[in-house]
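To start, the structure itself, in structure tokens.
The values are calculated or read from the model by the stated rules, or taken from the named source; none is laboratory data. Computed from a predicted structure; not experimentally measured. Here the Cβ positions follow ideal geometry from the backbone for every residue, glycine too, while neighbour counts run over all protein chains shown.
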Amino acid sequence: MKLYSKMKLIVLIIILGISSVNATGEANSVNAILDLGKQMSNMRNMLETYALIATKVNYKSPDKRLQQGIAEYESTIDTMDKNFKYPEIVESVRISREAWKPVKTALLTALKDNSADRLKGEGLFIHGNIRTVIKELANMKKHLLTKEKIKDGKELNAAIEIAASSQRLSAHYMMKMWGLDDPTIQQHWDNGVKIYKDSIKTLKESPYYKDPEFKKLLDDTETQLNYFLTVIMFNDKFVPVLVHDKAQKAYNDANKMSEIILSKI
């Protein structure tokens, strides 16, 4: 009987240990998914800041914002590189680092030399490389959501995409009003609007929309989207501060929705 009891205890310890490891692994994946979503937003925020520097709009210390954005992104990529060894993640990290290196140099240079010709000359390349980085961030996020089969992952992803899309629309608004000669701006604006609308639809159809706090947050993000759709039509009226602040409100509200979803998972 003593031997049987010891065996039962050993099995129980093993089961609890496995459960603990699985729970820790899922928690790490959820944190990584959130961080990747934030970096999708951060990339667009840095693109927006670059456009604001080019248009001589000195709002909320662009130099500090860029420095902070650079540090946050590199910290996240280092964490992904250290904690996740899936081949897909490893490859995305490699591509991201390669695309990011010249972008970082160009962003830091812009803080010292913001001549219009130089900024416009590098604007297209920066936009293209940042898109590559964002694509790999999205791929890593998608891989973890699929691999870990996180409960309510669809709804969590929708909230993350609203946050990222708000920054995307703000950045592309700034680039359009700056006059950057990039024929893809409208296409990326339209894609951002579609993802934003689809994400709102996903969350309105979810049980979370019955929660009064969640409903208000989601409705507010839709209000910000309607503002973006209106302001983009006025080519002769540049309102960068308003657009930035509206985008930040949508971003913050979307992050609060993510927190509510996580509290229920």
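Some values worked out for this structure:
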| read-out | value |
| --- | --- |
| Residue within the range 226-242 that is at pLDDT below 95, in a helix (DSSP H, G or I) and buried (at least 18 other Cβ atoms within 10 Å of the Cβ) present | yes |
| Complete set of residues in the range 209-253 that are closer than 16 Å to Y196 by Cβ, in contact (Cβ under 8 Å) with a residue 24 or more places away in the chain and acidic (D, E) | D220, D253 |
| Boolean, L108 is crowded, with 19+ Cβ neighbours inside 10 Å and either in a helix (DSSP H, G or I) or modelled with pLDDT of 95 or more (or both) | no |
| Qualifying residue in the range 43-50 (condition: in a helix (DSSP H, G or I), of a type outside the set (A, V, I, L, M) and exposed (fewer than 13 other Cβ atoms within 10 Å of the Cβ)) | no |
| Criterion violated by E122 - all others in (1) farther than 18 Å from D182 by Cα; (2) among the acidic types (D, E); (3) touching a residue at least 12 places away in the same chain (Cβ under 8 Å) satisfied | (1) |
| Any hit, the range 55-64, residues being among the aliphatic types (A, V, I, L, M) and either part of a helix (DSSP H, G or I) or without any contact (Cβ under 8 Å) to a residue 40 or more places away in the chain (or both) | no |
| Single residue of the range 149-163 satisfying the filter (not hydrophobic (A, V, I, L, M, F, W, C) and not in a helix (DSSP H, G or I)) that is nearest to T202 (Cα to Cα) | D152 |
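A quick yes/no check of all residues on (1) within 30 Å of I260 (Cα to Cα); (2) among the aliphatic types (A, V, I, L, M); (3) surrounded by 14 or more Cβ atoms within 10 Å (Cβ to Cβ):
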position: K104; (1), (2), (3): no, no, yes
position: G121; (1), (2), (3): no, no, no
position: N129; (1), (2), (3): no, no, yes
position: L137; (1), (2), (3): yes, yes, yes
position: E148; (1), (2), (3): yes, no, yes
position: D152; (1), (2), (3): yes, no, yes
position: A158; (1), (2), (3): yes, yes, yes
position: R168; (1), (2), (3): yes, no, yes
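Yes or no, residue by residue, for (1) at negative phi; (2) crowded, with 19+ Cβ neighbours inside 10 Å:
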{"site": "K60", "(1), (2)": "no, no"}
{"site": "I77", "(1), (2)": "yes, yes"}
{"site": "Y86", "(1), (2)": "yes, no"}
{"site": "R94", "(1), (2)": "yes, no"}
